[in-house]
Amino acid sequence: MENNRKIIRQSLSNRIVHWGIAISTILLIVSGFGNMPMYKRYNIVKLPFGEFLGSFINMLYLHYLSAAFLCFFVFYHLFVHYFAKEFDILPRKGDVTQSFLIIKAMITKSQEPPSDKYLAEQRIAYAFIGGNVLTLVITGFIKMLKNLDSINIPNSINTIVTNIHNAATMLLILGLIGHIAAFIFKENRKMIPGMFTGKLDEDYVKHRHSIWYENLTDDEIDVSNNVTKEEKKFETSSM
Ligand code: HEM
Ligand code: HEM
């Protein structure tokens, strides 16, 4: 029988960080390409708001402003999860094999291996996107120093740093396309409400994230649907 009970998955803080990073990343990609500058060459400047995109100085200010927001969210995220000892999303041994099994099961509509709070491919996606974002923050900081009159960085270093900054941009864009493409699979779409309301359907969690479901903490059980924590705990442990 279907039930409409929910499991609490993403705290407000996590949701703010996810969307804060998503918006600042998109602005950094738009303004980074504007720094190259390529919007004039491809006539994008003739579109509405195009003039704004065509100005190098506007793009540089937008890049710096969104970089400041990105750095804030990234450092906040690292501190919060480090001190709360929450490491559920870090990759584990065997994640690559497990990801193939999950994707194969989604395509052939067969039984998936049991998953914890995050699927193996989500842990890999996190490391890939996070690794590229960190690389962009570090190389971006060095590029910023290069722009200061008082600091002199040799040309050879500037070239290496710029190449790494550009390569990480391309890899990040590929990662984002993969992240959005993951929602082509219907099963993955059930995770979308979690990034807006913070909650997921209990039935979905029970069948797909069964390891997490068996170990839910009191805080993750949503009691707003007239179910007490004790009742919910009892149901969980008698599965
Ligand atoms: C620049 C844009 C974005 C970045 C950098 C980003 C980054 C991430 C990362 C690193 C994760 C954790 C790994 C994973 O679950 O794959 C994640 C999870 C997620 N993201 Fe994004 N994301 C972006 C845009 C979006 C968009 C546009 C959506 C809208 C559908 C979205 C929805 C989600 C969902 C539903 C999850 C899974 C959360 C869960 O497991 O409960 N993201 N995102
Ligand atoms: C998602 C993150 C980011 C993306 C996708 C991105 C992308 C880009 C791109 C495509 C360029 C143009 C290539 C170039 O001029 O060398 C650029 C330039 C630059 N980026 Fe980033 N960037 C990101 C984050 C950052 C951060 C966090 C900082 C600073 C801490 C930063 C600082 C710079 C600087 C200083 C330049 C050179 C501007 C100039 O003098 O022309 N970037 N970025």
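Could you grab me the full set of residues in segment 10-24 that are of a type in the set (G, A, S), within 16 Å of ligand 2 (Cβ to nearest atom) and either over 14 Å from C71 (Cα atoms) or surrounded by fewer than 17 Cβ atoms within 10 Å (Cβ to Cβ) (or both)?
A22
Check segment 1-9 and report whether any residue there is surrounded by 17 or more Cβ atoms within 10 Å (Cβ to Cβ), hydrophobic (A, V, I, L, M, F, W, C), under 25 Å from N132 (Cβ atoms) and within 16 Å of ligand 1 (Cβ to nearest atom).
No, every residue in segment 1-9 fails to be surrounded by 17 or more Cβ atoms within 10 Å (Cβ to Cβ), hydrophobic (A, V, I, L, M, F, W, C), under 25 Å from N132 (Cβ atoms) and within 16 Å of ligand 1 (Cβ to nearest atom).
Can you confirm whether M191 is among the aliphatic types (A, V, I, L, M) and either within 19 Å of the chain's Cα centre (by Cα) or more than 11 Å from ligand 2 (Cβ to nearest atom) (or both)?
In short, yes.
Out of all the residues in segment 1-12, is one or more touching a helix residue (DSSP H, G or I) at 6+ places or on another chain (Cβ under 7 Å), modelled with pLDDT of 95 or more and among the small types (G, A, S)?
There is no residue in segment 1-12 that is touching a helix residue (DSSP H, G or I) at 6+ places or on another chain (Cβ under 7 Å), modelled with pLDDT of 95 or more and among the small types (G, A, S).
Given the conditions (1) closer than 18 Å to L134 by Cβ; (2) in contact (Cβ under 8 Å) with a residue 12 or more places away in the chain, and given that A22 satisfies all but one, which numbered condition is not satisfied?
Here A22 meets the rest and fails (2).
Out of the residues in segment 144-186 that are more than 15 Å from ligand 2 (Cβ to nearest atom) and within 25 Å of Y126 (Cα to Cα), state the one that is surrounded by the most Cβ atoms within 10 Å (Cβ to Cβ).
A182
Of everything in segment 121-149, what is away from ligand 1 (no atom under 11 Å from the Cβ), modelled with pLDDT of 95 or more and either polar (S, T, N, Q) or closer than 20 Å to Q10 by Cβ (or both)? Give them in sequence order.
Selection gives T135, T139.
Please report, ordered by residue number, the helices (runs of 4 or more DSSP H) entirely within segment 147-216 with at least 3 residues that are in contact with an Asp or Glu (Cβ under 9 Å, 6 or more places away or on another chain).
202-208, 210-214
The values are calculated or read from the model by the stated rules, or taken from the named source; none is laboratory data. Predicted model only: the values in this text are computed from it and were never measured. As a convention, Cβ positions derive from the backbone with ideal geometry for all residues, glycine included, and neighbour counts pool all protein chains shown.
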